[in-house]
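The structure under discussion appears below in the form of structure tokens.
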Amino acid sequence: MPIGQPEQKPDSDRAERRLRLLFADDEPVIQELMRLELPRLGHEATVCPDGATALAALDHSEFDCVLVDLDMPGVGGLEVIRRVRDVAPDTETVIITGKSTLETAVAALRQGVFEYLTKPCKLVEIEAVLQRVRRKRELTLKLRALERRVRQAEGSMQLVGTAPALERMQDLVRRVAASDATVLVRGETGTGKELVARSIHEQSPRATGPLVTVNCGGLPEQLVESELFGHRRGAFTGADEHRAGLFEVADGGTLFLDEIGELPPALQSRLLRVLESGEIRRVGDNHPIIVDVRVVCATHRSLEEMVAAGRFREDLLFRINTFEIETPPLRERLDDLPALVKHFVRQSRRGVAEEAEVATPDTIMLMRQHRWPGNIRELANCVEHALVLCDDLPLRPEDLPGRIRRAAGGLPVSDAAGPQTAGDARPQSLKELEMQAIVAGLARNEGNKSRTAEELGISLKTLYNKLNQLNESPAEKGVA
């Protein structure tokens, strides 16, 4: 194995690219060379004479990169690499072999090997590989630091509320997160389907891997294939360099395909093959790439109707619908309104205490009368609107958007809540009728409680007592 002498680098440069290396080869001459040369290049090296010794070293120490001879007696290089994948999936692996065949190369790539070198190789070649390993690890660390800052800025990824519909959904999320099953999240626009996908990812064994999100309806049709699967340089006009697709970026983690119903028919076939084989091909490339990706899809459309209309593949629907989760609309979890409003207020205004009153009871009562067609997204915008108008907390009825106040003040509550069929009709209780009158009065008087009490012929204290009953909600007791 000829060794070329690389140009000497300053000590400061070597310190920047210091790696913890494990090197295994059964040739004594190569072992001795690596004991001398790898530290001279500035790395910390553990040199092993065989695969069994390398396995023992993996059990006791952590390494940034493992370089291993493919053909060793007893425990071979591929077995060492498989152990690396099990105990230290972040560690990069490099194979060095004197028996290069297509079969061994494919086997190495399937194990996720970073580089494949053929003997005889020069030390400068090994050094170049280690430099690429260092650059990749630096980028990985920067990415993780960025992800941590983003998570801190976004706040908790927990689903907020204690409504029965939400708790049932949370239980399904917890159950499916532990598996690798493909998940289809259904629900109306704005119900938090992406948050469900994030919760599945963060509770799964893949939580340390990437979560990559793509809106299938937000990409130009001619670019969807390149975005998902990548492309080779020259594959089409404007492809000036090789580019990894989102499946490659999500390797080891989760890929969230939002609005899956918008995926063009030609791409539906390719996605089905990827889900079945675990292999992708970049545009313009005939060589498969093995990826390990958990796929979560979401849609607000009826995919069954799209199948009947010939716009969605039935076999793809069966494949992505291994496990289904339905996100409840906000109108089915109105008891969560106080907790959700508090969550959005604290997200927008740092320093608001958990026990602080963020919205008056009459404000919450007004909000309960709205149908929320835009669901959680509409509620978040409503709170943002109110915070702009509000000088000091708590939020008051006059801070709410006009459509929220009009829904309660200009219509009977039953109409504001949406049309009822004859089968839905039921007698209203006295308490409900009282609350309707109070809410309508507050809306007419722009939230002025004194004028509302006078108009309704009750004392101001009685009005406050009626409104305080609104806050006796389980959702105030905690956040799921």
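Please treat every number below as a calculation from the coordinates, not as lab data. Because the structure is predicted, anything quoted here is derived from the model rather than measured. Here Cβ is always computed from backbone atoms with ideal geometry, including for glycine, and neighbour counts include all displayed protein chains.
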Per-residue ³J(HN,Hα) for the range 82-98, Karplus 6.51 cos²θ - 1.76 cosθ + 1.60, θ = phi - 60°, Hz, x for Gly and Pro:
4, 5, 4, 4, 6, 9, 8, x, 7, 6, 7, 10, 10, 9, 10, 8, x
Computed E for Lys142/Ser179 - FRET, C-beta separation, R0 25 angstrom, nearest 0.05
0.20
Per-residue counts of other Cβ atoms within 10 Å, averaged by peptide: what ranking do you get for 268-277, 304-313, 36-45, highest first?
36-45, 268-277, 304-313
Where a Cα-Cα gap under 14 Å defines reach, which aspartates and glutamates qualify for Lys449, not counting those fewer than 8 residues away within the same chain?
Asp362, Glu398
Determine which aspartates and glutamates satisfy two conditions relative to Lys99: a Cα distance under 13 Å, and not lying fewer than 8 residues away in the same chain.
Asp69, Asp71
If each K or R counts +1 and each D or E counts -1, the residues other than Arg168 whose Cβ falls under 15 Å of its Cβ total -3
Can you check what the net charge comes to around Leu395, using other residues whose Cβ is under 13 Å from the Cβ of Leu395 (Lys, Arg +1; Asp, Glu -1)?
-2
Residues whose built amide H sits under 5 Å from the amide H of Phe23, excluding neighbours closer than 5 in sequence, are Thr46, Val47, Cys48, Leu67
